[in-house]
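Scroll down for the structure; my scribbles are underneath it.
The values are calculated or read from the model by the stated rules, or taken from the named source; none is laboratory data. This is a predicted model, so every value here is computed, not measured. Here the Cβ is made from the backbone with ideal geometry for all residues, glycine too, and neighbour counts use every protein chain on show. To get the accessible areas, we keep the full protein, side chains included, count just its heavy atoms, and leave off ligands, DNA and RNA. Shrake-Rupley method; radii C 1.70, N 1.55, O 1.52, S 1.80 Å.
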Amino acid sequence: QVQLVESGGGLVQAGGSLSLSCVASGRTFSTYTMGWFRQAPGKEREFVATISTFKWVTDYADSVKGRFTISRDNAKNTVFLQMNSLKPEDTAVYYCAARAGRTSRYRDDYAYWGQGTQVTVSS
């Protein structure tokens, strides 16, 4: 069982930056692939980024590639999402997720989810 708690959301102007964090409980964090997803009002939850376990292989949605960076610190049981050059269309609730297995863009592949943190980008 893994419990995830996100933080770092807030209000920022377009072009600005935010850094999200997600802290996981348990001693097996390093064995989980981690992902970030987001859900805007009236839309389905969509993939943002993912990072694998030990080799830290990453994958990004095309909409955020080059602007967002996912990273992890296994010693601190934490995964990060650095978001730069933010756009109004990045406004959403951002969720951290964990799965045992390879990186995946599919939300149904992730067994564990945080409660989400709101990111609002004003124009």
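Ser63 - would you say it is in contact with a strand residue (DSSP E or B) (Cβ under 7 Å, 6 or more places away or on another chain), at negative phi, at pLDDT 95 or above and of a type outside the set (A, V, I, L, M)? Spelling it out, it is not the case that Ser63 is in contact with a strand residue (DSSP E or B) (Cβ under 7 Å, 6 or more places away or on another chain), at negative phi, at pLDDT 95 or above and of a type outside the set (A, V, I, L, M).
Here Asp62, Asp108, Asp73 are screened, and the one residue that is of a type in the set (D, E, K, R) and open to solvent by less than 60 Å² (accessible area, probe 1.4 Å) is Asp73. With respect to Val93, determine if the residue is closer than 17 Å to Cys22 by Cα and open to solvent by less than 10 Å² (accessible area, probe 1.4 Å). No, not satisfied. Pairs linking a residue in segment 15-35 that is without any contact (Cβ under 8 Å) to a residue 40 or more places away in the chain to a residue that is open to solvent by less than 20 Å² (accessible area, probe 1.4 Å), with Cβ atoms under 9 Å and 6 or more positions apart or on different chains, are Thr28/Val2. Restricting segment 111-123 to residues that are polar (S, T, N, Q) and either modelled with pLDDT of 95 or more or under 15 Å from Val5 (Cα atoms) (or both) leaves a set whose member that is surrounded by the most Cβ atoms within 10 Å (Cβ to Cβ) is Thr117.
Here Glu44 does not qualify as of a type in the set (D, E, K, R), open to solvent by less than 30 Å² (accessible area, probe 1.4 Å) and either assigned to a strand (DSSP E or B) or on the phi < 0 side of the Ramachandran plot (or both).
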